[in-house]
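Trainee: My structure is below; once you've seen it, I'll send some questions.
The values are calculated or read from the model by the stated rules, or taken from the named source; none is laboratory data. Computed from a prediction, not measured in an experiment: that's the story for all the values here. FYI the Cβ positions are ideal-geometry reconstructions off the backbone, even for glycines, and counts take in every protein chain you see. To get the accessible areas, we keep the full protein, side chains included, count just its heavy atoms, and leave off ligands, DNA and RNA. Shrake-Rupley method; radii C 1.70, N 1.55, O 1.52, S 1.80 Å.
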Amino acid sequence: MDNAVTRAPHIVVVGGGISGLAAAHRLLGAGARVTLLEGSAVLGGKLLAGEIAGAPVDLGAESMLARRPEGVDLARAVGLGDRLQPPATAAASIWTRGALRPMPKGHVMGVPARPDTLHDILSAEGLARVAQDHELAPTEVGEDIGVGEFVAKRVGREVVDRLVEPLLGGVYAGDAYKISMRAAVPQLFEAARTHASLLDGVRDIQAKAAAKQQTGPVFAGLDGGLGTLPGAVADAVRAQGGEIRTETPVLDLTRTATGWQIRTDSELIEADGVILSTPAWSASALLAAESPVAAAELADVEYASMVLVTLAFRRADLAGLEERSGFLVPPVDGRTIKASTFSSHKWRWVKERGSDLFVLRTSIGRYGEEQHLDWDDPDLVDVSLGDLGEAVGLSARPVATEVTRWIGGLPQYPVGHLAKVARIRAEVAKLPGLRVCGAAYDGVGIPACVASAQRAADEIIATSTLAQNTQSDAGQ
């Protein structure tokens, strides 16, 4: 009779953003021993809690898609279920053609189902161009196509420039004409493959969504800020026996006869498996020796940088501000800010915890337009106030300001992105006990990042090499 003693596999997670934390949480739930290494002093990546004038705020991502379950499920799993909170208002505006105009209803990432919903946004020529969609021959999309390129061919550039571009820009800070439709708006890509008319395709998407009878809010935040999620996940990881080390950059990865060796600036760590949840450029450097093909593909992933300017005012000074969540700004209008969020309108917790304050924020910077990153903080505040003055008539001065720069914050998803990700994963899969995850692969939103992390963790646990960590004693 054999007596087998199985040692829990030791997995090292490199990167302490929400993807790495979610991977560590998943691994521990499956019985692995986990060490998470984060190069900076702060966990959470683009989720960052902060304060302004003594009031808590998010200085990074502030909401997540609630209709996709992974993000809200993780929040519930780490004890934050009672703090999940939908936006107090979902009504938003577009600042275009010299005025704030209500965001049209009944669109898919800015693409309308009917031209008559766009009278406030488009010119007469633009509306006439949308109506031509039914008269045009089908547009070939092939394996992939740029969102803006396809939409412009079907319904004209005005729809792209004044609706699709600012909406996509809010997610990727990228160029709508170059962003992959298959990766960024897959339901639109499928509709384009099956419908000769884009407007008919959008109506079909909406009909299918209605048939699912999805209820509840589309988006969710957390009371106290989405930036509190990483700390809660980290606490849950530690409570399950996981080890988290900050200010521990990983310098090198080496495949060994029994697993992996991870070199930091102070030690060598032996592991049975590794999950890389770092930005693409960092994963590329770490994989250069063991998988040069994957490293080259990862090195080719480009990123956009942006600035968030958070402003706190006396509530009385903004008493007349319309009850909306904020507004988007089409790049074609030549403004500096690309969006503004009226945080005290959008989130009940900001309003309640800010007492007599009104908090709002602007975002500045897009892919290829990142010169503002070098501006001094006061100049970024002033240009934000100037645009806000033109948009909403704001003349008050803030009582406090906070400028947050996100350098390399958002990976770009150009045409062919999904094929690139498939090639990266195919190469990485040749390395037993190693996987990658994060915003560079399957989506930049929090649910997509969590799903990417959980997939990597599940595959690592299932890797055959991890089953070899068994000591057996034969006996009768």
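Trainee: If you count only protein heavy atoms with a 1.4 Å probe, what accessible area per residue comes out for the chain, rounded to a whole Å²?
Mentor: Working: 20030 Å² over 476 residues.
The answer is 42 Å² per residue.
Trainee: Got a sec to turn the phi values of segment 280-293 into Karplus ³J(HN,Hα) couplings, 6.51 cos²θ - 1.76 cosθ + 1.60 with θ = phi - 60°, whole Hz, x for Gly and Pro?
Mentor: 3J(HN,Hα) across segment 280-293, in whole Hz: 4, 5, 6, 4, 4, 5, 6, 9, 4, 7, 8, 8, x, 5.
Trainee: Note down the relative contact order for the chain as a percent, whole number, built from C-alpha pairs under 8 angstrom at least six residues apart.
Mentor: Values: 1020 pairs, mean separation 123.6, N = 476.
So the answer I get is 26 percent.
Trainee: For the charge dipole of the chain, defined by +1 on Lys and Arg C-beta atoms and -1 on Asp and Glu C-beta atoms about the Cα centroid, which residue among Leu122, Val274, Val307 has the Cα displaced farthest towards the positive pole?
Mentor: Checked the options; the winner is Leu122.
Trainee: Taking H as built 1.01 Å from N, whose amide H comes closer than 5 Å to the amide H of Thr264, not counting residues under 5 places away?
Mentor: Leu251, Ile269
Trainee: While we're on this one: Taking +1 at the Cβ of each Lys and Arg and -1 at the Cβ of each Asp and Glu, which of Val450, Gly368, Ala396 sits farthest along the dipole of segment 333-476 towards its positive end, judged by Cα position relative to the Cα centre?
Mentor: Val450
Trainee: Give the accessible area for Met109 in Å² (nearest 10); use a 1.4 Å probe, count only protein heavy atoms, and leave out ligands, DNA and RNA.
Mentor: Its heavy atoms expose roughly 60 Å² to the probe.
Trainee: Here's something else I'd like to know. Across 5 Å bins from the origin, how do the percents of Cα pairs in segment 315-376 run, short distances first?
Mentor: Once binned at 5 Å, the Cα pair distances of segment 315-376 give 4, 16, 23, 19, 14, 13, 10, 2.
Trainee: Classify segment 328-476 from the C-alpha gyration tensor, please: rounded if a/c falls under 1.5, else prolate or oblate depending on whether a/b exceeds b/c.
Mentor: Values: a/c = 3.68, a/b = 2.22, b/c = 1.66.
The shape class here is prolate.
Trainee: Amide H of Glu51: which non-local residues (sequence gap of 5 or more, or other chain) have their own amide H closer than 5 Å, using H built in the peptide plane?
Mentor: Distant-sequence amide H within range of Glu51: Val57.
Trainee: Further question: What are the ³J(HN,Hα) couplings of segment 64-69, residue after residue, when phi is run through the Karplus curve with 6.51, -1.76, 1.60 and θ = phi - 60°? Round to Hz, x for glycine and proline.
Mentor: Per residue, the Karplus-derived 3J(HN,Hα) values read 9, 5, 8, 6, 9, x Hz.
Trainee: Determine ³J(HN,Hα), in whole Hz, for all residues of segment 370-378 in sequence, where each value follows from phi through the Karplus function 6.51 cos²θ - 1.76 cosθ + 1.60 and θ = phi - 60°; x replaces Gly and Pro.
Mentor: Using θ = phi - 60°, the values come out as 10, 5, 5, 4, 8, 6, 5, 3, x Hz.
Trainee: Under 5 Å between amide H atoms, partner at least 5 residues away or on a different chain: which partners does Lys338 have, H built in plane at 1.01 Å?
Mentor: Placed amide hydrogens put Ser363, Ile364, Gly365 under 5 Å from Lys338.
Trainee: Enter the Cα centre distance for the pair segment 23-48 and segment 64-142, rounded to the nearest angstrom.
Mentor: If we compute the Cα centre of each part, the gap is 33 Å.
Trainee: Another question, then. Given a 1.4 Å probe and the protein chains all in place, what does the accessible area of Trp406 round to, in Å² to the nearest 10?
Mentor: In the full protein context, Trp406 sits at about 40 Å².
Trainee: Take the Cα atoms of the chain, find their three principal axes, and give me the spread along each one in whole Å, biggest first.
Mentor: Largest first, the chain extends 87, 57, 43 Å along its Cα principal axes.
Trainee: State the antiparallel share, in %, of DSSP beta bridges confined to segment 1-77, rounding to the nearest 5. The partial results should precede the final answer.
Mentor: Details: 4 of 10 bridges.
Antiparallel bridges make up about 40 percent of those DSSP assigns within segment 1-77.
Trainee: Also, I was wondering about something else. Please report the antiparallel percentage of DSSP beta bridges with both residues in the chain, rounded to the nearest 5. Before the final figure, lay out the partial values.
Mentor: Details: 55 of 73 bridges.
Roughly 75 percent of the DSSP beta bridges within the chain come out antiparallel.
Trainee: While we're looking at this one, here's another question. Quick check for me: using +1 on Lys/Arg Cβ and -1 on Asp/Glu Cβ, what's the dipole size of segment 295-346 about its Cα centre, in debye to the nearest 20?
Mentor: Working: 6 positive and 7 negative charges, 86 e Å.
Dipole magnitude for segment 295-346 comes out near 420 debye.
Trainee: Of all accessible surface on segment 87-179 at a 1.4 Å probe, what whole percent is carbon and sulfur?
Mentor: Details: 2020 of 3840 Å².
Here carbon and sulfur together make up 53 percent of the probe-accessible area.
Trainee: So for Tyr413, Tyr303, what's the accessible-area order with a 1.4 Å probe, most first? Walk me through the numbers on the way to the answer.
Mentor: Details: Tyr413 5, Tyr303 40 Å².
The ranking, largest first, comes out as Tyr303, Tyr413.
Trainee: If you count only protein heavy atoms and use a 1.4 Å probe, how large is the accessible surface of Val399, to the nearest 10 Å²?
Mentor: In the full protein context, Val399 sits at about 70 Å².
Trainee: Trypsin sites (Lys or Arg not before Pro), restricted to segment 354-456: which are DSSP loop and have at most 12 other Cβ atoms within 10 Å?
Mentor: Values: sites: Arg361, Arg366, Arg405, Lys420, Arg423, Arg425, Lys430, Arg435, Arg455; in loops: Lys430.
Taking segment 354-456 and a limit of 12 other Cβ atoms within 10 Å, the loop trypsin sites (Lys or Arg not before Pro) found are Lys430.
Trainee: Now, a different point. Could you give me the radius of gyration and the Dmax of segment 246-345, taking only the C-alpha atoms into account and expressing both in angstrom?
Mentor: For segment 246-345, the Cα-based Rg and Dmax read 22.7, 68 Å.
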